[in-house]
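Enquirer: Below are the structure tokens for one structure; questions will follow.
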Amino acid sequence: MITNTLLIACVIGGITGVISHLIRNGKVLIFPKMRQRPKGIFLGFIGDFFIGAAAAVFAVTYLVPNPEDFRTQIGISILAGLSAENVLLQKELNIEKAKRDGLDRINERL
């Protein structure tokens, strides 16, 4: 029964991650690709699926007292997937703000 609970949480959290990926990128799936700078792999929507799934599994593991209660399990999985995407979006916004502030300082010096 625990395996089914974790599998359901993983799928629901992952789907929530992909849906938030679609919302963030204007209804377009960004596929994995190689990056030149920084060198590595950009996971695209697969990365959002994994992050949502991992957050949902952790949340269901710690927050659902009764594994047979599927309503609670589904609700917590959705909320955890959205929360994980929100944390990533906040990180991206902070990085962009730091870049903009740096460019503003450079423009002031010129």
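The values are calculated or read from the model by the stated rules, or taken from the named source; none is laboratory data. Only a predicted model underlies this, so the values are computations on that prediction, with no experimental measurement involved. Just the protein is used for accessible areas: all its heavy atoms, side chains included, with ligands, DNA and RNA removed. Shrake-Rupley method; radii C 1.70, N 1.55, O 1.52, S 1.80 Å.
Enquirer: Which order do Ser83, Ser20 take by accessible area at a 1.4 Å probe, largest first?
Expert: Ser83, Ser20
Enquirer: Within the chain, what whole-number % of the accessible surface is contributed by carbon and sulfur, with the 1.4 Å probe and all protein chains included in the calculation?
Expert: The nonpolar share, carbon plus sulfur, comes to 66 percent.
Enquirer: Percent of Cα-Cα pairs per 5 Å bin, from 0 to the last occupied bin, for the chain, please list those.
Expert: 2, 13, 17, 17, 15, 12, 9, 6, 4, 2, 1, 1, 0
Enquirer: Solvent-accessible area per residue for the chain at a 1.4 Å probe radius, Å²?
Expert: Solvent-accessible surface per residue comes out at 73 Å².
Enquirer: Follow-up question, since we're still on this one. What list of ³J(HN,Hα) values in whole Hz, one per residue of segment 9-23 in order, does the Karplus curve 6.51 cos²θ - 1.76 cosθ + 1.60 (θ = phi - 60°) give from phi, with Gly and Pro shown as x?
Expert: Using θ = phi - 60°, the values come out as 4, 4, 5, 5, x, x, 5, 4, x, 5, 5, 5, 4, 5, 5 Hz.
Enquirer: Okay, next question. Can you give me the Rg/Rh ratio for segment 1-43, using Cα atoms for both radii and the Kirkwood formula for Rh?
Expert: Radius of gyration over Kirkwood radius for segment 1-43 works out to 1.17.
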